[in-house]
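Peer 1: Structure incoming, see below.
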Amino acid sequence: MKTVFAKHNLMLFASTLIMVSFFTNCKNEPKKEVKPPVNTTILKAPEGFSVEEIGKDLGAVRHLTVTKNGDIYANRSVLKDGKSIILLRDTDKDGTMDQQQEFAEVPGTGILAQDDYLYASSNSEVYRYKFNADQEIIDTENPEKIVSGLIDMGRDNAKPFTIDGSDNLYVTVGSWNDACRDNEAEAGMIPCTILDSAGGIWKFKTNKPDQTYSDGTRYATGLKNAVGITWNHQTNSLFATDHGRGGLSNFYPDLYTQKQNDELPAETFYEIKENDNAGWPSTYYDHQKNKRVLAPEYGGDGEKESTEKFVEPLVGFPAHLGPNDVLFYTGNMFPEKYKNGAFIAFHNQSKELKKGFFIAFVPFKNGKPDGDWEIFLDNFAGFDLANPTDDDTLKHRPCGLAEGPDGALYVCDDFGGSIFKVTY
């Protein structure tokens, strides 16, 4: 019996020592430093977020991408010092971009680092550069052409793109004609022959060089200019934002007032499946009435609904905001509410909202929007759009979005030439 009690007491003593040691070690561990949010920019972010301008005077940087090692690439729509693509690198990993390189001599918009390549686009083609094992471009002078010969009529001619997980490349070809009018006449073309080569999204292969229209397929049609385009790897589907048409009261003053011209039609956000038709040019989406109506060029009067079936938008935003990029947030840095939700960069302003030039957030749940959209990052303009003065000068126009390997959000500005980093 004494032996049993001795063993029991010995076990209690050992357990006590272990617990004392555990709590002593916990007390001796240095506390994790929680840095307060810092924002030295003019931008306005939600509480807890820091905003830093990590690049400035970079020119017309349109879209951007971040590699696995943290390198930032951005594509310019206008050459600066004769070059279009810019690389920012933090060589000593201290959080400051201390190296800048520039290459490529054809301006463009789209850019994406995926797998072993950096893909980029001009206004008529998509090309790529091979990475080495350190995610550095092997040869900046000789990119491989993937697609060429895409139509470029000088207006809405950017070629943004995205890539899925099966070597498929999706490229937007926007329409240069706002409502598919024949020589800007009042009536629309029937059929709209522009849709044969523009006004939609085309699908190609990433691993096949020198493709043209005949090598690809028209994945979706009826999108006037889908500058924001991304592949959602959680839903395994394509998402795109589309610019709405304009000029309703300009051509049809008997049907539309100037106020309606300022507030219609909606800027739209879609999940796109193969062979979808988003309704341009014969219809437009009215976010105020929450319905799709016939365009006036095709017999509409602002009320008539189309008898044809078109894919409906997930969200209809106020007119003329200019959605230029979309990104689904998959990182772990931001609060849980942002997980798998969509950030959208708006490049213009809405007279209806009396706001503009901001980054919006659309919450998602189970692959679908869940709740109202909200403004996440504001004041790129640098002044109150609702109460402008003669001295107000536009500072920035957000255009591109990217997520870093640590979960930071990057935004580039093609007006002021800045790149901003948002952390939490």
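The values are calculated or read from the model by the stated rules, or taken from the named source; none is laboratory data. Note that the structure is a prediction, hence the values are computed from the model and not measured. Cβ: placed from backbone, ideal geometry, glycine included. Neighbour counts: every protein chain shown.
Peer 1: Could you tell me how many of the residues in region 384-423 are in a loop (DSSP other than H, G, I, E, B) and either of a type in the set (A, V, I, L, M) or not assigned by TED's automatic domain parsing to the domain that holds Phe328 (or both)?
Peer 2: Residues that pass the stated criteria total 4.
Peer 1: Select, from Pro36, Pro46, the only residue that is out of contact with any helix residue (DSSP H, G or I) (no Cβ under 9 Å at 6 or more places or on another chain), at pLDDT 85 or above and not assigned by TED's automatic domain parsing to the domain that holds Tyr410.
Peer 2: On inspection, the qualifying residue turns out to be Pro36.
Peer 1: Could you identify the single residue in Thr91, Thr65, Thr96, Thr41 that is within 22 Å of the chain's Cα centre (by Cα) and part of a loop (DSSP other than H, G, I, E, B)?
Peer 2: One residue alone meets the criteria, Thr41.
Peer 1: Pick out, from region 281-377, the strands (runs of 3 or more DSSP E) lying fully within it that include 3 or more residues that are out of contact with any Lys or Arg (no Cβ under 9 Å at 6 or more places or on another chain). Working first, answer last.
Peer 2: Numbers: elements: 283-286, 291-294, 315-317, 323-328, 342-346, 359-362, 374-377.
Because the criterion is at least 3 residues that are out of contact with any Lys or Arg (no Cβ under 9 Å at 6 or more places or on another chain), the strands (runs of 3 or more DSSP E) in region 281-377 that meet it are 315-317, 323-328, 342-346, 359-362.
Peer 1: Sticking with this structure for a sec: Within region 221-242, take every residue that is hydroxyl-bearing (Ser, Thr, Tyr) and within 12 Å of the chain's Cα centre (by Cα) and give me the one that is nearest to Asp167 (Cα to Cα).
Peer 2: Looking at the filtered set, the residue picked out is Thr230.
Peer 1: Restricting the search to region 397-408, which residues are in contact with a Phe, Trp or Tyr (Cβ under 7 Å, 6 or more places away or on another chain), within 19 Å of Ile111 (Cβ to Cβ) and not acidic (Asp, Glu)? First the steps, then the outcome.
Peer 2: As a first pass, look at region 397-408 and keep what is in contact with a Phe, Trp or Tyr (Cβ under 7 Å, 6 or more places away or on another chain): 397-398, 401-404, 407.
From the residues that got through so far, the ones that are within 19 Å of Ile111 (Cβ to Cβ) too are 397-398, 401-404.
Within region 397-408, Arg397, Pro398, Leu401, Ala402, Gly404 meet the criteria.
Peer 1: Do we have any residue at all in region 176-186 that's over 20 Å from Tyr127 (Cα atoms), under 20 Å from the mean Cα position of the chain (by Cα) and either touching a residue at least 40 places away in the same chain (Cβ under 8 Å) or exposed (fewer than 13 other Cβ atoms within 10 Å of the Cβ) (or both)? Step through it out loud before you land on a result.
Peer 2: Applying the first criterion (over 20 Å from Tyr127 (Cα atoms)) to region 176-186 yields 176-186.
Applying the additional criterion that residues be under 20 Å from the mean Cα position of the chain (by Cα) yields none.
No, region 176-186 has no match at all.
Peer 1: Can you go through Ile194, Ile229 and tell me which one is in contact with a Ser or Thr (Cβ under 6 Å, 6 or more places away or on another chain), hydrophobic (A, V, I, L, M, F, W, C), in a strand (DSSP E or B) and crowded, with 18+ Cβ neighbours inside 10 Å?
Peer 2: It is Ile229.
Peer 1: Also, quick follow-up: Any residue in region 384-402 that's more than 15 Å from Asp414 (Cα to Cα): show its pairings with residues that are of a type in the set (D, E, K, R) at Cβ separation under 6 Å, as long as the two are six or more apart or on different chains.
Peer 2: Once the first residue is more than 15 Å from Asp414 (Cα to Cα) and sits in region 384-402, its partners that are of a type in the set (D, E, K, R) give Leu385/Lys354; Leu385/Lys355; Ala386/Lys354.
Peer 1: Further question: Hey, can you tell me all the residues within region 366-392 that are surrounded by 10 or more Cβ atoms within 10 Å (Cβ to Cβ) and hydrophobic (A, V, I, L, M, F, W, C)?
Peer 2: Trp373, Ile375, Phe376, Leu377, Phe380, Ala381, Phe383, Leu385
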